[in-house]
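Trainee: Take this structure first; my questions come after.
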Amino acid sequence: MKKTKMILDCDPGHDDAMALLMALAAENIELLAVTTSAGNQRPEKTFQNARRLLALAGCEDVPVAMGAEKPIRRELIIADDVHGESGLDGANLPEPTVSPLDIRANDLMAKLLGGSDEKVVIVATGPLTNVAIFLLSHPELKNKIEFISFMGGACFGGNITPHAEFNIYVDPEAADVVVQSGVPIAMFGLDVTLKAQLFPRDVQEIREIGNPVAATMADLLDFFNRTTTVPFWAEEGHVEGIHMHDPCAVAYVIDPSIFKMYPMHVDIETGDLMSRGSTVVDYDNVFGKDKNVSVSFGLDLPKFRRLIMNTMRHFR
Ligand code: RIB
Ligand code: CA
């Protein structure tokens, strides 16, 4: 089977953890490297979390490199209220058994893309700082990127402000560089990721799989569930599932048929008003601009859940 070469830039982070495991388990993905961004937690913590997840999965041969310490222009905002003090609260993860690599994300991306005879997919599940810095510092390697798949933004709504999603809000300037780069982009915003839900019965099914990865992921999902926000419009008795935001961006690489994608023009609000970090998705093509992003608005949820369960069963 032909494997898609992929780099995952992430800020683990509970949903990032599932996204990473999906990439490791997928038979049609060759995960070249993991790079870590500052977002859910501070850079040194997301870096350590990525290394611990690879140790848990028995995949410490995958290189990991830490990225930028902070957004391009702004101070770092973290989501410790959601992901906890460690960034992966709720489970006991093993310590890495290999020494950290002495290379930064930007340099590792350049080394891998420059040395690859095939195009590489970059998936980003945190703020887009590292991807933007790479695009700005290595424009000559843009043509080695097959496409960028990122979790972030929203056509309608937000989760850190009424109009902005966390990953974009943290580093709007980076998101602007990415969407204006000319590289093919697939965007998985809240419009689709809030529909990508796992429920307590799914977590129980994962726990009953019985391998150490599934058991640890079940613990992480139980913790993540406690911070799941219930929509204000929910009726009495409504059960909101756990939002699997980041796995959408990886699932698209594994099986694009899971998602409904719509080419649209997307701009990023980089000002400092109340709309900071909003992704302005021209869904009616009012401005008649180039359709620079393929935006997801729907998914085949049973197919998505099967992919997650197969991921959990993959690990021994
Ligand atoms: O808004 C959801 C995004 O913010 C996800 O990537 C989650 O991990 C957090 O980083
Ligand atoms: Ca994330």
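Please treat every number below as a calculation from the coordinates, not as lab data. Nothing here was measured: the structure is a model prediction, and the numbers come from that model. Heads up, the Cβs are rebuilt from the backbone with ideal geometry, glycines too, and the neighbour counts pull from every protein chain shown.
Trainee: Using Cα pairs under 8 angstrom and six or more residues apart, how large is the relative contact order of the chain, in percent? Each step should come with its number before you reach the end.
Mentor: On the way: 717 pairs, mean separation 63.2, N = 316.
It comes to 20 percent, rounded to a whole number.
Trainee: While we're looking at this one, here's another question. Per-residue counts of other Cβ atoms within 10 Å, averaged by peptide: what ranking do you get for 179-186, 115-122, highest first? Provide the component values of the computation, followed by the final result.
Mentor: Working: 179-186: 17.6, 115-122: 15.2.
Final packing ranking: 179-186, 115-122.
Trainee: Still on this structure, please answer the following. By the scheme Lys and Arg +1, Asp and Glu -1, what is the net charge of all other residues having a beta-carbon under 11 Å from that of Thr161? Don't skip to the end; give the middle numbers.
Mentor: On the way: positive: Arg276; negative: Glu165, Glu269.
In short, -1.
Trainee: Also: Could you tally the net charge around Asp102, taking each other residue with its Cβ under 14 Å from the Cβ of Asp102, Lys/Arg +1 and Asp/Glu -1? Can you show the working numbers first?
Mentor: Working: positive: Arg51, Arg104, Lys111; negative: Asp107.
Here the charged neighbours net out to +2.
Trainee: Something else: Under a cut-off of 29 Å between alpha-carbon atoms, report the lysines in cross-link reach of Lys195, not counting same-chain residues fewer than 8 places apart.
Mentor: Hits, sequence-local ones excluded: Lys3, Lys5, Lys45, Lys260, Lys289, Lys291, Lys303.
Trainee: Further question on the same structure: Just want the ordering: Phe188, Phe232, Phe259, Phe315, from fewest to most Cβ atoms lying within 10 Å of their own Cβ.
Mentor: Details: Phe188 30, Phe232 5, Phe259 23, Phe315 19.
Placing the least packed residue first, the sequence is Phe232, Phe315, Phe259, Phe188.
Trainee: Using a Gaussian network for the chain with springs between C-alpha atoms less than 10 Å apart, which of these wobbles most: Ile103, Ile258, Ile77?
Mentor: Ile103
Trainee: Step through the residues of the stretch 260-266 one at a time and calculate ³J(HN,Hα) from phi using the Karplus curve (6.51 cos²θ - 1.76 cosθ + 1.60, θ = phi - 60°), rounding each to whole Hz and writing x for Gly and Pro.
Mentor: 9, 10, 9, x, 8, 8, 10
Trainee: Kindly provide the GluC sites (Glu not before Pro) of the stretch 170-239 that DSSP labels as loop, not H, G, I, E or B, and whose Cβ sees at most 12 other Cβ atoms within 10 Å.
Mentor: On the way: sites: Glu173, Glu205, Glu208, Glu235, Glu236; in loops: Glu235, Glu236.
Listed in order of number, the matching sites are Glu235, Glu236.
Trainee: Moving to a separate point now. Please give me the summed charge of the neighbours of Met22: other residues whose Cβ is under 11 Å from its Cβ, Lys and Arg +1, Asp and Glu -1.
Mentor: Here the charged neighbours net out to -4.
Trainee: Are there trypsin sites (Lys or Arg not before Pro) in the stretch 1-100 that DSSP puts in a loop and that have at most 15 other Cβ atoms within 10 Å, and which ones? Intermediate values should be presented prior to the final figure.
Mentor: Numbers: sites: Lys2, Lys3, Lys5, Lys45, Arg51, Arg52, Arg73, Arg74; in loops: Lys2, Lys3, Arg73, Arg74.
When the trypsin sites (Lys or Arg not before Pro) of the stretch 1-100 are filtered for loop state and at most 15 Cβ neighbours within 10 Å, Lys2, Lys3, Arg73 remain.
Trainee: Quick one: Karplus J couplings for the stretch 216-227, per residue in order, coefficients 6.51, -1.76, 1.60, θ = phi - 60°, nearest Hz, x for Gly and Pro?
Mentor: Karplus values, whole Hz, x for Gly and Pro: 5, 5, 5, 5, 5, 5, 4, 5, 4, 4, 5, 9.
Trainee: With a point put 7 Å past each Cα toward its Cβ, work out how far Glu240 is from Tyr262 in nm, to one decimal.
Mentor: A separation of 2.3 nm, rounded to one decimal place.
Trainee: Another one. What's the extension gain from Asn28 to Ala215 if we count 0.36 nm per residue and subtract their Cα-Cα distance? Please list the in-between numbers first.
Mentor: Numbers: separation 187, 0.36 × 187 = 67.32 nm, distance 2.46 nm.
Difference between extended and current length: 64.9 nm.
Trainee: Still on this structure: With just the Cα atoms defining each centre, how far is the stretch 177-251 from the stretch 101-166? Give it in Å.
Mentor: Centre-to-centre (Cα) distance: 21 Å.
Trainee: Starting from the Cα-Cα distance between Phe232 and Lys70, subtract it from 0.36 nm times their residue separation and give me the gain in nm to one decimal. Let's see the in-between values first.
Mentor: Working: separation 162, 0.36 × 162 = 58.32 nm, distance 3.23 nm.
55.1 nm is the gain from fully extending Phe232 to Lys70.
Trainee: If each residue's Cβ is checked for other Cβ atoms within 10 Å, how do Met66, Met217, Met151 rank with the fewest at the top?
Mentor: Going from sparsest to densest Cβ surroundings: Met66, Met217, Met151.
Trainee: Please report, for the Cα atoms of the stretch 141-210, the Rg to one decimal and the Dmax as a whole number; what are they, in angstrom?
Mentor: Considering the stretch 141-210 through its Cα atoms, Rg and Dmax are 15.9, 45 Å.
Trainee: Which ordering of Leu76, Leu112 is given by a fewest-first count of other beta-carbon atoms within 10 Å? List each step's numbers first, then the result.
Mentor: Details: Leu76 17, Leu112 20.
Listing Leu76, Leu112 from fewest to most nearby Cβ atoms yields Leu76, Leu112.
Trainee: Rounded to the nearest 500, what is the 222 nm mean residue ellipticity of the chain from helices alone, with -39500 (n - 2.57) per DSSP H run of 4+ residues and division by all residues? Please list the in-between numbers first.
Mentor: Working: 12 runs with 117 residues, N = 316.
That calculation yields -11000 deg cm²/dmol at 222 nm.
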